[in-house]
1. Within region 152-161, work out how many residues are crowded, with 17+ Cβ neighbours inside 10 Å and in contact with a helix residue (DSSP H, G or I) (Cβ under 9 Å, 6 or more places away or on another chain).
2. All but one of (1) out of contact with any Cys (no Cβ under 9 Å at 6 or more places or on another chain); (2) assigned to a loop (DSSP other than H, G, I, E, B); (3) at pLDDT 95 or above hold for residue 118; state the number of the condition that does not hold.
3. Answer with yes or no whether residue 212 is open to solvent by less than 30 Å² (accessible area, probe 1.4 Å) and near ligand 2 (Cβ under 10 Å from one of its atoms).
4. I'd like the full set of residues that are away from ligand 2 (no atom under 14 Å from the Cβ) and either in contact (Cβ under 8 Å) with a residue 40 or more places away in the chain or in a helix (DSSP H, G or I) (or both), limited to region 73-99.
5. Can you pull out the residues in region 176-209 that are within 14 Å of ligand 1 (Cβ to nearest atom), touching a residue at least 24 places away in the same chain (Cβ under 8 Å) and open to solvent by 40 Å² or more (accessible area, probe 1.4 Å)?
6. Considering 168, 131, which residue is away from ligand 1 (no atom under 13 Å from the Cβ), outside the structural domain of residue 43 (by TED's automatic domain parsing) and not in a helix (DSSP H, G or I)?
7. Hey, can you tell me all the residues within region 163-175 that are near ligand 2 (Cβ under 10 Å from one of its atoms), surrounded by 19 or more Cβ atoms within 10 Å (Cβ to Cβ) and of a type outside the set (A, V, I, L, M)?
8. Take region 89-102 and flag every residue that is of a type outside the set (A, V, I, L, M) and either within 17 Å of residue 173 (Cα to Cα) or open to solvent by less than 30 Å² (accessible area, probe 1.4 Å) (or both).
Amino acid sequence: MPKHFVAMPAVVLAACLIWVPACAQADRNPVPGSVPTRLAEAQANPKLADTLLRTGRKVAAVCANCHGEGGNSVRPEVPNLAGQNTAYLVEQMRQFGDGLRRNEFMQGMIRAMSTDEKVGMALFYSQQTVRPGPGADASLLAQGEMLFQKICFRCHGNDGHGNEKIARIAGQQGAYLSATLRRYRTGSGDRVNEQMADNTRLLSDANLDAIVAYVASMK
Ligand code: HEC
Ligand code: HEC
């Protein structure tokens, strides 16, 4: 387990305890087909979307222990989910579930969620508004912006909002961004992606710090 969890066992325990009834139900996953298929169904059917959104809001009460109310995290090492893109959220849940992305707690939690809970939570969080992080030293921000507009904008967009499938990174938590970019860069195994490895390999720690400061402050 990452070391920051050692400092908050009570929260982890509370989340697990609340989650137990849902865990027990999750095996009877009533919806056939994949999560992306169910997401597409909901996006084409406002009534279904509404039902799943309510499911998602209930699920989010558990997630709030770490990801904050409405997905605005108050722990710098835990990502905001507010404003995140639906298909990206669904894909990350698949990666945790399949063990491709490693975080012991998230892997266990995602495996216990039903298809409708996953789709519902993606719909819920994508509709929340993210609060951007604090500003930083002006010259650091300027250097970060320069690097962002040279490299990152190609996939994440000029505004850092990504698209349905590509992560929104604007306003993300600083410590989480910093750890994530370093994982991609070193290919530590906790999080592997070829495109992100290619686009961080040549960046120094100072480059990453500037990018993180800028991205965290983006609206
Ligand atoms: C005990 C704290 C904790 C709880 C409770 C928790 N999470 Fe997480 N979650 C994390 C951490 C830490 C990460 C970042 C893992 C990493 O570094 O890759 C994360 C990452 C995620 C991500 C990936 C986000 C991204 O930007 O890539 C998703 C999606 C997610 N969590 C969904 C949920 C949902 C849905 C719930 C509730 C059902 C939940 N989490 C409950 C701690 C938690
Ligand atoms: C060629 C396209 C591409 C470029 C260029 C790119 N990214 Fe990414 N980025 C991706 C993809 C695809 C993912 C999702 C990877 C995964 O599933 O783990 C991603 C994921 C991320 C994440 C994780 C988001 C989250 O919520 O956990 C961060 C942070 C990120 N990118 C930042 C950057 C930064 C900063 C740059 C510029 C230095 C950059 N990216 C350049 C394609 C790109």
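1. Within region 152-161, the subset crowded, with 17+ Cβ neighbours inside 10 Å is 152, 156, 160-161.
Keeping just the survivors that are in contact with a helix residue (DSSP H, G or I) (Cβ under 9 Å, 6 or more places away or on another chain) gives 152, 156, 160.
Here the count works out to 3.
2. Going through the list (1) out of contact with any Cys (no Cβ under 9 Å at 6 or more places or on another chain); (2) assigned to a loop (DSSP other than H, G, I, E, B); (3) at pLDDT 95 or above, residue 118 breaks only (2).
3. Values: open to solvent by less than 30 Å² (accessible area, probe 1.4 Å): yes; near ligand 2 (Cβ under 10 Å from one of its atoms): yes.
So residue 212 passes the test.
4. Pass one, region 73-99, residues away from ligand 2 (no atom under 14 Å from the Cβ): 74-75.
Listed by number, the list holds a single entry, 75.
5. Residues satisfying the conditions are 179, 182, 190, 192.
6. On the way: 168 fails: away from ligand 1 (no atom under 13 Å from the Cβ).
Going through 168, 131 in turn, just one is away from ligand 1 (no atom under 13 Å from the Cβ), outside the structural domain of residue 43 (by TED's automatic domain parsing) and not in a helix (DSSP H, G or I): 131.
7. Scanning region 163-175 gives 168, 172, 173.
8. Kept after step one, since they are of a type outside the set (A, V, I, L, M), are these residues of region 89-102: 91-92, 94-99, 101-102.
Within region 89-102, 92, 96, 97, 99, 101 meet the criteria.
The values are calculated or read from the model by the stated rules, or taken from the named source; none is laboratory data. It should be emphasised that the depicted structure is a prediction, and the values quoted were computed from it without experimental measurement. With ideal geometry, Cβ positions are generated from the backbone for all residues, glycine too; neighbour counts draw on all protein chains shown. These area figures cover heavy atoms from the full protein model, side chains too; ligands, DNA and RNA do not enter into them. Shrake-Rupley method; radii C 1.70, N 1.55, O 1.52, S 1.80 Å.
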